[in-house]
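Presented below is the structure to which this report refers.
We did not get these values from a lab; they are worked out from the coordinates using the rules stated. Remember, it's a predicted structure, so these values are computed and weren't measured experimentally. Here the Cβ is made from the backbone with ideal geometry for all residues, glycine too, and neighbour counts use every protein chain on show.
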Amino acid sequence: MNDSIDYQIITQNIASGVEPQLRLMSAAVPIWNFIIVLLAMLFVVINKQIYFQRFKMMFSALTQPSDTAKMMRENTLTVSINGLIIFLSYVALLALTMQKIVVVYSGNTILYDNLGFYFDICAFIAAFCIIQYLAVHLFGWLFGIENAITYQWVLLLLGMTAANMVMIVFGLIALFYPTKFILIVISSIILIINAIRIIRTIFAFRMYTKLNLFQIFLYFCTLEILPAIAAVTMMVRLIANDCVL
């Protein structure tokens with residue numbers, strides 16, 4: 001009788017102790033995350049070595065309107081390898097930041113090391129920028145405000161340069177400590193940079209065009225603000241419902 005009771009107790013303890021547990025491997029940072037950040041850092045070094053004077057002027061132009069105007073007159077940034085490198089770095093780093101935000105806030109570990117999801121974000125950002133570029137230049141050609149459009153794109157590339165530096169520095173931290181606080185800091189700084197850029201561009205439009213404030217407001221709502229709100233809404237829905245629509 002006692003042997004039977006002891007046997008039942010032993011089997012019950014074993015059954016409760018050997019339940020299979022999922023092992024989460026998300027603690028290891030995917031190697032492609034490091035490759036993206038290191039390539040962005042390499043692009044910064046290349047820009048500094050090959051385009052040293054322009055590299056210096058780009059950072060001074062962030063705070064000196066006269067340097068921005070000089071770069072606009074030369075028009076060597078928007079149609080150069082220098083500008084292409086800045087654009088590619090921006091797309092790669094912003095996509096990585098957005099991927100971390102979705103993973104951390106949704107808790108979806110499947111997307112943590114999902115390279116296909118990262119490339120989808122890259123394609124979305126690149127497509128958005130290309131469509132915006134074409135629409136802006138079409139608008140400039142129709143209304144004869146090419147100078148204002150050139151100034152806008154110089155400021156956009158300068159903003160991308162500043163955002164790249166922020167995402168490289170804080171991105172390295174986010175790779176090891178992907179916390180909500182770090183991601184909020186990165187997102188906030190990027191938003192501040194873009195807000196300053198848009199404000200400066202609005203003043204430039206007032207100076208280079210005959211458009212009134214209402215027309216300028218509609219212009220930036222159509223090409224800057226509403227698309228950004230739509231992108232943020234899609235990301236929030238992806239986090240909340242695992243679907244962008």
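Relative contact order (percent) for the range 29-241, with alpha-carbon contacts under 8 angstrom and 6 or more residues of separation?
Computed over the range 29-241, the figure is 26 percent.
Taking R0 as 30 Å, what FRET efficiency do you get between Ile130 and Leu172 from their Cβ-Cβ distance, rounded to the nearest 0.05?
0.60
Sort 82-93, 210-221 for me by packing, meaning the mean count of neighbouring Cβ atoms within 10 Å per residue, highest on top.
Sorting 82-93, 210-221 by mean packing, highest first, produces 82-93, 210-221.
Multiply the residue gap between Lys56 and Ala231 by 0.36 nm, knock off their C-alpha separation, and tell me the result in nm, one decimal place. The partial results should precede the final answer.
Numbers: separation 175, 0.36 × 175 = 63.00 nm, distance 3.25 nm.
Roughly 59.8 nm would be gained on extension.
Which length gain, in nm to one decimal place, applies between Asn108 and Phe143 when the Cα-Cα distance is subtracted from 0.36 nm times their residue separation?
7.9 nm
How would Tyr51, Tyr177 line up from fewest to most surrounding beta-carbon atoms within 10 angstrom?
Least crowded to most crowded, the residues run Tyr177, Tyr51.
Based on the alpha-carbon gyration tensor of the range 157-231 and its eigenvalue square roots a ≥ b ≥ c, which shape applies: rounded if a/c is under 1.5, prolate if not and a/b is larger than b/c, or oblate? Walk me through the numbers before you get to the answer.
On the way: a/c = 3.96, a/b = 2.33, b/c = 1.70.
Judged from the Cα gyration tensor, the range 157-231 comes out prolate (a/c at least 1.5, a/b above b/c).
Evaluate 2.2 N^0.38 Å with N set to the residue count of the range 29-241, then give the Cα radius of gyration divided by it.
On the way: Rg = 17.6 Å, N = 213, 2.2 N^0.38 = 16.9 Å.
For the range 29-241, the normalised Cα radius of gyration is 1.04.
Under 26 Å from the Cα of Lys48, which lysines turn up, not counting those fewer than eight places away in the same chain?
Lys56, Lys70
May I ask you to derive the FRET efficiency for Phe181 and Ile31 from their Cβ-Cβ distance with R0 = 35 Å, giving the value to the nearest 0.05?
The value I calculate is 0.90.
What FRET efficiency comes out for the pair Leu211/Ser188, r = Cβ-Cβ distance, R0 = 25 Å, nearest 0.05?
0.25
Can you give the local net charge around Asn33? Use residues other than it whose beta-carbon is closer than 11 angstrom to its beta-carbon, Lys and Arg +1, Asp and Glu -1. Please report the intermediate quantities before stating the final value.
Values: positive: Lys100; negative: Asp113.
That sum, taken over residues with Cβ under 11 Å, equals 0.
For a quick check: sort Phe128, Phe170 by the number of other beta carbons within 10 angstrom, fewest at the front. Please report the intermediate quantities before stating the final value.
Values: Phe128 15, Phe170 18.
Arranged by neighbour count, lowest to highest, Phe128, Phe170 become Phe128, Phe170.
Using the Cα gyration tensor of the range 115-157, with a ≥ b ≥ c the square roots of its eigenvalues, what is the shape: rounded (a/c below 1.5), prolate (a/b larger than b/c) or oblate (neither)?
Details: a/c = 7.53, a/b = 2.52, b/c = 2.99.
Judged from the Cα gyration tensor, the range 115-157 comes out oblate (a/c at least 1.5, b/c at or above a/b).
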